[in-house]
Each structure stands twice: as structure tokens, then as C-alpha cells.
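*Asks:* To start, I am sharing the structure in question, which I have written as C-alpha cells.
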Amino acid sequence: MAVKSLKEHYDNRMLRYVFPHWYSILYATACIFLIPWIVFLSILLPPHYVSHHWDVTWVGFDVFEFMLFAITALLAIRHSIWTALTSVMLGTTLLIDAWFDIMTSRNHRDFITACIEAFILELPLAILSFVLARRIFEYARTKQSD
């Protein structure tokens, strides 16, 4: 099924309001600046770093993840179209969680545990979250064309 352009549903004035030109310039500029920044970090960051707020960082991230699960559940119960937004946020957060769990593993055992958690919990839940968002977008699109 081909994804239809928003131009098929809205006039140009509305599209300019929804997608102002400066957004694309901002995001393209960010890409340009990120390339040298990534190279800079890859050269200068140490492979080992001790963080003094490791516990607060991870607890804070998990609280954020909990909030996304709770908000997404509440919105899904209400059949809200906003569930699409929070499920994309949740899926992305789960991918980030899996990545950092694996990449910050201290030893082989932690690495294996992080991989198991990623493949059994985080990645499947992320995929389900993205699938839910896509289904909501498709539903909204079909309702819009009615």
C-alpha cells in the first residue's frame, strides 16, 4: 500500500503552516553540524569513563520509560490518536535502552544479560510500539479519506 502525500489532503497554505520551511533548514543544518561533531567525539572520547551520577542517570531514564509506558497505556485504553505519538517515543526509548545496556556492559556476563533483555523484551516491545503507531496512522488516514 503506497503512502499518500499530505498534499492530497491539504491545500498548500495549510501545508506551509504544518511544515514551515525553516524546519527543514534547521534539521538539514543540524545534520551538517553533526557530521564533524561525531568525528570529533570518535577521536577524542576515552574508551573508559567513570560517571559520578551513574545511578541517577539510569533511574531517571527508567522513570521516563515507565512514564511513557503508563501514558501510552492510558491513551490506548481511551483509543486516542495521541497513542501513535507516545508509542513512537516509547519504541525509540526502548531501542536506546537496549543500545546503552549492551554498550555499557562491564563484563561478559553483563553483556550476555543485556543482549538477552534486548532480544526478549526491549526490541520486541519497540517493534510492537512502532507497529501500533503505524496502524493508528493508517486508520487515521483512511478516516480522513472518508
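Just so you know, all these numbers are worked out from the coordinates, no wet-lab data involved. None of the values given here were measured: they were computed from a predicted structure. Cβ sites come from the backbone with ideal geometry, for glycine too, and all protein chains shown count toward neighbours.
*Asks:* FRET efficiency for residue 32 and residue 100, Cβ-Cβ distance as r, R0 = 25 Å, nearest 0.05?
*Replies:* Here the calculated transfer efficiency is 0.45.
*Asks:* Oh, and also: Contour minus end-to-end for residue 16 and residue 69, with contour as 0.36 nm per residue of separation and end-to-end as the Cα-Cα distance? Could the numbers behind the result be given before it?
*Replies:* Values: separation 53, 0.36 × 53 = 19.08 nm, distance 3.33 nm.
The span from residue 16 to residue 69 would gain 15.8 nm if fully extended.
*Asks:* Normalised by the residues of the chain, what does the relative contact order come to in percent, with Cα pairs under 8 Å and at least six apart?
*Replies:* Relative CO of the chain lands at 20 percent.
*Asks:* Can you pull the one-decimal nm distance between simple spin-label points at residue 127 and residue 110, each 7 Å off the Cα toward Cβ?
*Replies:* Each label point is offset 7 Å from its Cα along the Cβ direction, giving 2.8 nm.
*Asks:* So how much slack lies between residue 59 and residue 81, counting 0.36 nm per residue of separation and subtracting their Cα-Cα distance, in nm?
*Replies:* 5.0 nm is the gain from fully extending residue 59 to residue 81.
*Asks:* Residue by residue through the stretch 58-63, what is 3J(HN,Hα) from phi via Karplus (6.51 cos²θ - 1.76 cosθ + 1.60, θ = phi - 60°)? Round to whole Hz and write x for glycine and proline.
*Replies:* Once θ is set to phi - 60°, the couplings for the stretch 58-63 become 6, 5, x, 5, 5, 5 Hz.
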